[in-house]
Structures are given as structure tokens and as C-alpha cells.
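Here's the structure we're looking at; comments come further down.
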Amino acid sequence: MNNFFSSPPFADGPAEFMLVTAAIVAAYAVFTLVGFGSGLIASTPLAALMPVARVIPLLAILDFAGSGTRGWRTRQEVAWGALRQLFPGMLLGQLLGVLVLARLPARPMAVALGLFIVLQGWRGLLKKAGAATGTVFPAYAYGLFGGILGGLFGSGGFVYAAYLERHLESRPAFRATQAVLIALSTGWRIVLCLSLGLIDRELLATALLCGPAMVLGIHLGRRIDLRMSRDQLYRLLHGLLLASGLGLIARFIG
């Protein structure tokens, strides 16, 4: 264990370790602000240093700790009806996504993850913050699609958020429900990853090492939330996603 902490498995030196730490801080600041985005932002620097099949369960552990704490604090605001509508599809989708994750090679997974992140960033920048698009699919479909993306890429929270934003007028209810849903989905993902052998002692130690950066990010997110407009936050999030995804694709294709 002492050797682990003196030489983290996902960094070849202090510079890389600091870069990964900064990415985790930024990821969980964004996560605190909008209720999703940690996997989309932190996965790129992490996937450049460790296999995607280890990045996803690592972020699941961190997401569970962060969203579980937040969901417990705001449990009185949770819209349980909306959560129950998304939950069954999410369970099945996570199972399908994790099964695929355990079987695909690392390089195609990394490129696919990069393309997925770029798509989300570009899509977000092309439309205005808060623009309504209408609810075309039932709640089960949102849960299923978000679960698949969460299990495969660790990044399904934006799908749940898209559904909840259209159905919950109360901002506190949206944030509380999103936090509980992310806690449940990441908890289920951790169980699936454990059953498939994707989580071991070294990964748990890595998550513990990343814990302080996550806590700092959550604290910064709470402070920033008081100063940024919704449009500024929206543009920042999707700009970061676009740059993050392009960086990951360039590294693995080049």
C-alpha cells in the first residue's frame, strides 16, 4: 500500500498526477453545478493513463460518494414519482453497458468514448441553454439509454437530466432527484463491475487517492454556483466536453 501511494498507478510522475488531480477537481465542480458531467470531463485525462475498463468503475465509485452525500442531504426535495419512472430502464441499461465494457478492447473503447464526448459537447454548443426540445420518448427509454451510456462510458447522467428538466419545475427538486438517481445508478454499476472483476484493491486505493480532489471540486462547485449565470455554465460545460473529447481521440488515433 505504501508503494501505491508513493507511485500512483495512473501517473508516471508528479506532473501527470497533478494534471489528473486538476481534471477531477474540475469534473466534480461541474458535477455539483449541473448534476452530471464528471465522467465526461474526467474520463479523458484518466483514459490517457489507464484502460477505459478501469476508468469507468473508478468514476462510478467517486460519483457514488459525491451524489450519495448530496442526495441524502436533500432527500426531502426528491421527486420520487419521476425517479421511479426512470429507475427500471436504468437498471437494465447499466447491465447491458457494463457487459459490453468488460468485453471490448481498450483502444476502440477510448476512441468511441472520445467521439461520444465530442458529440455531446458540439450538440450542446449548437443550441441555447434551456432550449426546449420536447419529450419524444417515454421515461423507460430515457432510463434505458442513460443506463447503457452510464455502464459503457460512465456518462449517462445528462440523459436523466434531460428528462427531469422537462418534468420538474422546481430547481431544488431537479437537483435532489438527479443526485439520488446518480447515486442509485452508480451504486448498481459498482455491483455489476464487482461481479465482472472490474474492481480490485488497487482500483479502490486509486479511488481513495482521488477522494480529496473530488471533495475539493464539490466545494468549488458550490462556491461557483452563486456567481455564474445558467448560460455561462452551459457554454463552459459543453466547451470543456468538446476539447476533452478531441484530446482523447487525437491521443489514441495518433
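The values are calculated or read from the model by the stated rules, or taken from the named source; none is laboratory data. All values reported here derive from a predicted model rather than from experimental measurement. Cβ placement follows ideal geometry from the backbone for every residue including glycine, while neighbour counts extend to all protein chains displayed.
Among helices (runs of 4 or more DSSP H) lying entirely in the range 122-239, which contain 2 or more residues that are within 20 Å of the chain's Cα centre (by Cα) and at pLDDT 90 or above?
Working: elements: 139-153, 157-167, 171-195, 201-224.
Fully inside the range 122-239 and qualifying: 139-153, 171-195, 201-224.
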Task: Set 239, 247, 211, 157: member being surrounded by 20 or more Cβ atoms within 10 Å (Cβ to Cβ) and either of a type in the set (Gly, Ala, Ser) or touching a helix residue (DSSP H, G or I) at 6+ places or on another chain (Cβ under 9 Å) (or both) - done: 157
Open item on the list: Give all pairs with beta carbons closer than 8 Å in which a residue from the range 75-97 that is under 15 Å from residue 154 (Cα atoms) meets a residue that is basic (Lys, Arg); count only pairs at least 6 apart in sequence or on separate chains.
Closed with: 94/189
Task: Any hit, the range 80-92, residues being surrounded by fewer than 24 Cβ atoms within 10 Å (Cβ to Cβ) and either closer than 26 Å to residue 19 by Cβ or in contact with a Cys (Cβ under 8 Å, 6 or more places away or on another chain) (or both) - done: no
Open item on the list: Which numbered condition in (1) among the small types (Gly, Ala, Ser); (2) within 13 Å of the chain's Cα centre (by Cα); (3) crowded, with 22+ Cβ neighbours inside 10 Å; (4) closer than 25 Å to residue 196 by Cα is the only one that residue 65 fails?
Closed with: (3)
- [ ] Inspect the range 58-74 for any residue being closer than 24 Å to residue 250 by Cβ and either part of a loop (DSSP other than H, G, I, E, B) or touching a Ser or Thr at 6+ places or on another chain (Cβ under 9 Å) (or both) and give the result as yes or no.
- [x] yes
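Residue by residue, here is whether (1) of a type outside the set (Val, Ile, Thr); (2) at pLDDT 85 or above holds:
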| position | (1), (2) |
| --- | --- |
| 36 | yes, no |
| 45 | yes, no |
| 70 | yes, no |
| 76 | yes, yes |
| 90 | yes, yes |
| 102 | yes, no |
| 106 | yes, no |
| 111 | no, no |
